[in-house]
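Heads up: the structure comes next, in structure tokens.
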Amino acid sequence: MLKINILCVGKIKENYLKEAIAEYSKRLSKYCNLNIIELPDSPIPEKLNPSIENKIKDTESSLIMEHIPKDSFKICLDLQGKSYSSEQFADFINDIQLTNSSISFIIGGSLGVNEKLKNICNEKISFSKMTFPHQLIRVFLLEQLFRSFKINNNEKYHH
């Protein structure tokens with residue numbers, strides 16, 4: 001069974017997001033072994049300059065890199081990444097499964113991730129050109145993964 005890791009910076013505070021994550025995690029258990037790894041975020045000071053921003057990104061990105069399983073296909077969620085339709089994303093996940101038994105999705109903190117982390121990823125994807133809270137993106141990702149498995153298994157799912 002495919003192992004899916006979601007490495008994310010920051011804890012989910014809102015109950016409605018926790019409930020959505022729990023629900024999609026339960027639904028996904030039929031299709032994959034899901035592992036959500038929550039890593040601590042760095043405090044962001046009131047006065048943020050490029051030097052401090054880079055230091056925070058480096059700290060959080062290093063922590064993420066320490067937790068990426070070896071031999072995992074690495075996908076970074078990034079505003080500059082490639083956009084997919086749900087059907088294209090399902091095909092993409094299906095293609096990865098042919099050669100990899102593990103996929104790791106990376107969701108950075110509020111400031112994103114550094115270039116070093118982006119560069120070690122096999123792919124960068126974007127859900128939208130709009131900016132969303134990284135906690136909400138976690139729910140988007142889980143929903144799209146669930147939809148992908150439904151599509152790939154020819155199972156009915158609302159469109």
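The numbers here are math on the coordinates, done by the rules we state, and not lab data. Bear in mind that the values here come from a model prediction, so they are computed numbers and not experimental data. With ideal geometry, Cβ positions are generated from the backbone for all residues, glycine too; neighbour counts draw on all protein chains shown.
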Taking Cα pairs closer than 8 Å and at least 6 residues apart, the relative contact order of the chain in percent is 33 percent
The size of the Cβ-based charge dipole (Lys, Arg +1; Asp, Glu -1) of region 39-159 about the Cα centre, to the nearest 20 debye, is 120 debye
Checking region 33-100 for trypsin sites (Lys or Arg not before Pro) in a loop per DSSP with at most 11 other beta-carbon atoms within 10 Å yields LYS47, LYS70
Here the chain gives, from Cα atoms, an Rg and Dmax in Å of 15.5, 51
If the chain between THR99 and ILE120 were fully extended at 0.36 nm per residue, the gain over the current Cα-Cα distance would be 5.8 nm
If the label point sits 7 Å along Cα→Cβ of GLU53, residues of region 106-127 with amide N under 12 Å come out as 111-113
For LYS116, the aspartates and glutamates lying under 19 Å Cα to Cα, once residues fewer than eight places off in the same chain are dropped, come out as ASP41, GLU53, ASP58, GLU60, GLU66, ASP71, ASP78
Filtered hits (aspartates and glutamates, Cα-Cα < 12 Å from LYS18, offset >= 8 within chain) -> none
